[in-house]
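Since the structure comes first, as structure tokens, the remarks are kept for the end.
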Amino acid sequence: MAMLDPLVTVEPSEPADVVTSNEEIHPSMGRLGPWQLLRNLCDGQYTRLYQARPENHGEGLPAAYVIKVLRNQWWRNSEAIARQRREVWIGSHVSHPNIGPVLSAGVDGPPFYFVMPKLPGSNLAKMLDEGYRPAIPVAIWIVRQIAEGLAAVYEQTGMMHADVKPANMIVAPTGHTTLIDFGFAHSSQEASSWTDRPVVGTLNYIAPEMLTSTLSADVRSDIYSLGITLYELLTQRLPLESDDPCELVDLHRQAKPVSIREIRPTIPPEVATLVHQMLAKDPMRRPGSYDELISQLVRLEVDLFELR
């Protein structure tokens, strides 16, 4: 397939181009620049996702792309625009099999949007909600793939993801896992408050230091969030839970999670040790780098392969 132009000139959408979440695929549903919108996939607080294909492609060809559009109520919000531009920049500059690429974008003016390939598979948060219970080595493999993607982002851009959670992971039927949604990514020197983002879901995975001093946050903060994801994959529950955001913040700062082996005694001790190291309140007690974490995950994958 020929590569798409890195930047596409866009035309402002008319109201008729807006797709409701209940509509089915239809070849004439809407248009955004050179893209034909076929179906609204989901609506977020800031963005809308559409399944799409290039307008000059025949209707018999599959709609193999997803367009992420900034919702028009945010078109004058500099922070929302900056987040989308940051996501485009990272997706355009990082090349790694476990990172969702950005193929094309129009973020110089409204409508702000970018184009990604439509990834095969399902959102990991949805899979967990539906009772997904991977074998222990498979859970470790999923987390190791995300760690490798995070390492590539850090090496190639100096950025941490800052919103690592199952809702931002796509798992293919083969098990291949892709990390998406870099709207809150930043370097460890940049200030980025957790209060600037939607708290639903995110606060369940956020590192304690990101709730107190953003300047102390670094890659170990993403490792903490990844540790919560691994805990959830292995137990089908979160290590810290509350419906009250303030209480949840306090839990991340102070509460010790229930030992993972109390919930699932068949988890090998060495796996439990790594999970709880990743969840340490003090970043200095977590794996100190992605390379260190990946090395431990690979060793566990190999040692526990027979449990697949």
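Quick note: the coordinates plus some simple rules give every number you see, no bench work behind them. Keep in mind the model is a prediction, meaning the values are calculated, not measured. Note that we place each Cβ from the backbone using ideal geometry, even for glycine, and neighbour counts take in every protein chain shown.
Observations
- Straight-line cross-link partners of LYS126 among the lysines, defined as a Cα under 22 Å from its Cα and at least 8 positions apart when in the same chain: LYS68, LYS118, LYS165.
- Restricting the range 106-176 to GluC sites (Glu not before Pro) that sit in a DSSP loop and have at most 14 other Cβ atoms within 10 Å of their own Cβ leaves GLU130.
- Distance between the range 199-260 and the range 101-158 - C-alpha centres, whole angstrom: 19 Å
- Packing-based ranking, highest mean first, of 227-240, 94-107, 258-271 given that Cβ atoms within 10 Å are counted: 227-240, 94-107, 258-271
- Coupling constants for the range 36-52 follow from the phi torsions by the Karplus curve (6.51 cos²θ - 1.76 cosθ + 1.60, θ = phi - 60°), and in residue order they are 9, 8, 10, 7, 7, 7, 6, 10, x, 4, 9, 9, 10, 10, 10, 7, 8 Hz; glycine and proline get x.
- Cα gyration tensor shape for the range 122-307, rounded if a/c is under 1.5, else prolate or oblate: rounded
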